[in-house]
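So the structure is just underneath, and the comments pick up after that.
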Amino acid sequence: MTKLLEIRDRMIRIYGKYESYLYPVVKFVLALIVFQTINSRIGYMQRISTLPIALILALLCAILPNYAMVWLAALVVLLDLYVLSLEAALTALVLFAVILLVYFRFAPKDGIAVVLTPICFILRIPYIMPIGCGLLRQVYSVIAVVCGTIVYFFLDGIHQNEATLLAVPTDVDAETALASKFDISVDQLLNNREMFLFVAVFVVTAAVVYLVRRLEVEHAWTLAIISGELIQIAGLFVGYTVLNISGKTLWLLLGNIFSMLIAFGLEFVFMNLDYDRAERVQFEDDEYYYYVKAVPKKLMTTKEVTVKRFGNTANMGRRIERRETALSEEQELNSRRVIARELDADEDDNLLK
């Protein structure tokens, strides 16, 4: 544990020192992952679904504010869906317009959560997102997670039905095919019961985690993480049973286990407290008495080492080069005075003689 604390404190100091350089790099890497994921999943427009274009867009996201990543990702998705199907693109345009309005109204600073949630779904660990928001952000930050969840299920449904959406209708059934494509696009939003299940469970989880981690009890973050994981496992398992969705129980358990490990990592970095050294403090002012419980963080303090040099000095502390083999009588006297001062000793006659 001591070694881990040393590594953590060293990383925090490095990040604090070079934050202005490291944060754009982190945004660049995240944006590159986002655009490459879009290209691999729904990269229907070949002109923009290339690595050089992804690098350019990621570079723009690195130097622009966080919400620029949301705008650019939405634009790339719309262009890809336009090549796939005009009906799917129009449905996505309406969806993104609503999401952006809700996002900028309630959670304008959580743009990274919007784009990170679909990636976590692809990695099968979306359960970390509501827990992370409950631990590190305000409870309304779950709105960004909800937006990312809706986007993921919509695009996943479009990907699964791409063969139908790519079909070119004949003159006879053109009108029927057009209606069918709209139905497929809209069904991914209105009739996706699994999406609504995840949204409901994520909202409840984020609210519970937020409330528990603010309780005035020891190990509140640990209790919040465990509570959130249990709610997600129980809620989704019951939901799968009611909706007759099979084949996802194993990944539900594994995903929550990995998410819990990540959540404990967040606790270690941001709220690793030493409850053994907790203190209760009481003080007062003209109107109130204050009772405060102070719990220190676990930190590794670096010892400051003071090096003192003795001897081989003269002229009141000036360092004498080693090539000087002999000192004058005045230099020898000054050197002894420096030694006496460093040792906090009295310059008596015995030392100076």
Index of the failed condition, residue 105 passing every other in (1) of a type outside the set (Ser, Thr, Tyr); (2) surrounded by 14 or more Cβ atoms within 10 Å (Cβ to Cβ); (3) more than 28 Å from residue 257 (Cβ to Cβ); (4) without any contact (Cβ under 8 Å) to a residue 60 or more places away in the chain
(2)
Kindly indicate whether any position in region 44-64 is touching a helix residue (DSSP H, G or I) at 6+ places or on another chain (Cβ under 7 Å), within 23 Å of residue 157 (Cα to Cα) and in contact (Cβ under 8 Å) with a residue 40 or more places away in the chain.
yes
Condition (residue is aliphatic (A, V, I, L, M), more than 30 Å from residue 292 (Cα to Cα) and open to solvent by 50 Å² or more (accessible area, probe 1.4 Å)) applied to region 235-246: is it met by at least one residue?
yes
When restricted to 110, 80, the only residue acidic (Asp, Glu) and over 30 Å from residue 247 (Cβ atoms) is 110
Within region 247-275, which residues are farther than 21 Å from residue 123 by Cβ and open to solvent by 70 Å² or more (accessible area, probe 1.4 Å)?
270
Condition first: at pLDDT 90 or above, under 24 Å from residue 187 (Cα atoms) and surrounded by 18 or more Cβ atoms within 10 Å (Cβ to Cβ). Can you find one or more residues in region 20-29 that meet it?
no
Cross-chain or 6+ apart pairs with Cβ under 9 Å, region 220-242 first and closer than 14 Å to residue 126 by Cβ and of a type in the set (Asp, Glu), then part of a helix (DSSP H, G or I) and open to solvent by less than 20 Å² (accessible area, probe 1.4 Å):
229/131; 229/205; 229/256; 229/259; 229/263
Counting only residues that are of a type in the set (D, E, K, R) and over 20 Å from the mean Cα position of the chain (by Cα), region 212-242 contains a total of 2
Residue under question is residue 49, and the condition is that it be over 28 Å from residue 259 (Cα atoms) and buried (at least 22 other Cβ atoms within 10 Å of the Cβ); does it hold?
no
So, in region 218-234, how many residues would count as being surrounded by fewer than 20 Cβ atoms within 10 Å (Cβ to Cβ) and among the polar types (S, T, N, Q)?
2
Which ranges mark the helices (runs of 4 or more DSSP H) fully within region 109-169 that have 2 or more residues being over 15 Å from residue 73 (Cα atoms) and over 15 Å from the mean Cα position of the chain (by Cα)?
111-122, 142-160, 162-166
Of the numbered conditions (1) without any contact (Cβ under 8 Å) to a residue 60 or more places away in the chain; (2) surrounded by fewer than 20 Cβ atoms within 10 Å (Cβ to Cβ), residue 113 fails exactly one; give the number of that condition.
(2)
For residue 40, which of the numbered conditions (1) in contact with a Gly (Cβ under 8 Å, 6 or more places away or on another chain); (2) closer than 30 Å to residue 254 by Cα; (3) of a type outside the set (Val, Ile, Thr); (4) open to solvent by 60 Å² or more (accessible area, probe 1.4 Å) fails to hold?
(1)
Which number in (1) in contact with a Leu (Cβ under 8 Å, 6 or more places away or on another chain); (2) at pLDDT 90 or above marks the one condition that residue 152 misses?
(1)
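The values are calculated or read from the model by the stated rules, or taken from the named source; none is laboratory data. All of these numbers come straight from a predicted model, not from anything done at the bench. Cβ sites come from the backbone with ideal geometry, for glycine too, and all protein chains shown count toward neighbours. Protein only, heavy atoms only, side chains kept; ligands, DNA and RNA dropped before computing areas. Shrake-Rupley method; radii C 1.70, N 1.55, O 1.52, S 1.80 Å.
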